[in-house]
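What follows is one structure encoded as structure tokens, with my remarks underneath.
The values are calculated or read from the model by the stated rules, or taken from the named source; none is laboratory data. The model shown is predicted, which means the values in this text are computed figures rather than measured ones. Cβ: placed from backbone, ideal geometry, glycine included. Neighbour counts: every protein chain shown.
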Amino acid sequence: MLRFLKAFGLFTAAALGTAALPALAAGDLLVAPTRVILDGSRGTEVVLNNIGSEPATYRISLEIKRMTAEGGLDEIAEEDVTAAERAALDMIAFSPRRVTLPPNQPQVVRVGVRLPEGTPPGEYRAHMLFRAVPDAAPATAELKPASEGVSIALTPIYGITIPVIVRVGELGAEASIGDAWVSETRDGPAFNFDLARIGNRSVYGDIEVSRPGVAEPLLVARGIAVYPEVGARRVSLRVPGELAAKLKGPVRIRYSEDREIGGGTIDEAERVVK
Amino acid sequence: MRYFGMKRALAGAAIAALAMNASAAHAASATGTATAKILRQITLTKTSDLQYATIISGATASTVAVSTAGAATCGAGLTCTGTTTAGSYNVQGTNGAVVLVGGDSSVTLNGSLGGTMSSTLTYSSPNITLGTTGGSFQVGGTLSVGANQASGDYSGTFNVTANYQ
């Protein structure tokens, strides 16, 4: 066991080194897992790692996001949240909220639930945001004085959000696949289909599009959710032109539960893609 | 206390396993003594900044646009110098995972010698499907430059997020 741990220690260092290779910017980050479901008093842990080449300070916070009919997530300002969304923000406890990490240093963020007495059954959700705090001042001294022009320094504050879902009581939901079609968007061709949901919780799973009689799926898209605030959403996936052409015609679309919980079929439908 | 130390070691191991994918997963389960959980991960790295380079303003208000591909369109009356680039971000995670990407739709820039400007921001796609080598998205924008905009160094910050659903 000791030998194993020692070997693993070396291996860990090597692996983290590899992971950090493509990253050069300060503030780059890794978050795992990518989704948290809590259904009781037991908490969990989320790992945050600094995969940048410089020490960075990260802030961890909770946000409310609402799904749109187009399948996006709209950020909702704190003053506009509903009572249920407020309850979600209040019941999810986490620590730390701010951490400074040297490169390749992981930090465990503990996440727990404090359910107030008499919380009505339902699904409560907030999105945990991890992002690097930019360096205090964008070093103006470094910029050459622009005597006759304007120079621009735009600093992105970039981060990752993962959903934290709390389920209270017995909940259920079903989903059904609607029409499917290929369209041309501003960013290239897309494969689209409608996904409807009924019940009192979200549905989540993987999409597989295949041609009847062909074993290899044409398209696999994992981690597609329909949240309770919408009864239906559009799933619109950018695809290369070649694949867009192939997708037209008869296909079988399967929406299945996450592989981690068995991968059972949620809905399956045969559609002719226009 | 000892237990806690062990747990920390495992957290490190989980990350190592994530970085190395399946081979590490097998290494972890081969011991049979530890309960290492392999977690799905997401990484976000910045590969380039959105840069409008240097602009010399004219007598009338105009705009400079940088497309999500990085190409610049210098509006009438303006002189644009230097190399423009779109902001670019790399996302790594589970193969096939759909990640929603987006951020602020505009940003205000404050000048070092007074004055402000604003820029709209556009994103190359509302979502990306990760392949075996991950995926990327770009940020472009259109900067509004006032008539005889005050010289100086203008700076501003904007938010960009990669969201799992």
Among (1) within 9 Å of another protein chain (Cβ to nearest Cβ); (2) part of a loop (DSSP other than H, G, I, E, B), where does B:V107 come up short? (2)
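Residue-by-condition table, conditions (1) of a type in the set (G, A, S); (2) in contact (Cβ under 8 Å) with a residue 40 or more places away in the chain:
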residue	(1), (2)
A:W181	no, yes
A:P189	no, yes
A:D194	no, yes
A:G199	yes, no
A:V214	no, no
A:L219	no, no
A:R259	no, yes
A:G264	yes, no
A:E270	no, yes
Return yes when A:R259 is under 29 Å from B:T68 (Cβ atoms), within 12 Å of chain B (Cβ to nearest Cβ) and of a type in the set (K, R) and no when it is not. no
From the residues in the range B:139-153 that are within 30 Å of A:D187 (Cβ to Cβ) and hydroxyl-bearing (S, T, Y), which one is farthest from the chain's Cα centre (by Cα)? B:S144
So, in the range B:45-65, exactly how many residues are outside any strand (DSSP E or B) and in contact with a Cys (Cβ under 9 Å, 6 or more places away or on another chain)? 2
I'd like the full set of residues that are out of contact with any Cys (no Cβ under 8 Å at 6 or more places or on another chain), under 28 Å from A:G27 (Cα atoms), part of a strand (DSSP E or B) and more than 9 Å from chain A (Cβ to nearest Cβ), limited to the range B:68-89. B:T85, B:S88
Residues being among the β-branched types (V, I, T) and more than 14 Å from every other protein chain (Cβ to nearest Cβ): count how many of those fall in the range A:148-182. 4
Please give the number of the condition A:A88 fails out of (1) assigned to a strand (DSSP E or B); (2) among the hydrophobic types (A, V, I, L, M, F, W, C); (3) at pLDDT 95 or above. (1)
Quick check: anything in the range B:47-67 closer than 30 Å to A:L218 by Cβ and within 8 Å of chain A (Cβ to nearest Cβ)? yes
Qualifying position, being within 23 Å of the chain's Cα centre (by Cα), within 21 Å of B:T94 (Cα to Cα) and surrounded by fewer than 18 Cβ atoms within 10 Å (Cβ to Cβ), among A:E216, A:E208, A:E257: A:E257
Going through (1) more than 9 Å from chain A (Cβ to nearest Cβ); (2) under 17 Å from B:Q51 (Cβ atoms); (3) buried (at least 20 other Cβ atoms within 10 Å of the Cβ); (4) at pLDDT 95 or above one by one, B:V101 fails only at (2)
Residue that is nearest to the other protein chains (Cβ to nearest Cβ), among those in the range B:124-165 that are in contact with a Phe, Trp or Tyr (Cβ under 8 Å, 6 or more places away or on another chain) and surrounded by fewer than 21 Cβ atoms within 10 Å (Cβ to Cβ): B:N159
Checklist (1) surrounded by fewer than 21 Cβ atoms within 10 Å (Cβ to Cβ); (2) touching a Phe, Trp or Tyr at 6+ places or on another chain (Cβ under 6 Å) applied to B:N110, failing item: (2)
Considering every residue within the range A:86-95, establish whether at least one is away from chain B (no Cβ under 14 Å), touching a Pro at 6+ places or on another chain (Cβ under 9 Å) and crowded, with 20+ Cβ neighbours inside 10 Å. yes
Quickly run through the range B:86-108 and pick out the residues that are farther than 14 Å from A:P156 by Cα and free of Cβ contacts under 8 Å to residues at least 40 places away in the same chain. B:N95, B:G96
May I ask you to list the residues in the range A:225-237 that are within 11 Å of chain B (Cβ to nearest Cβ) and without any contact (Cβ under 8 Å) to a residue 60 or more places away in the chain? A:L237
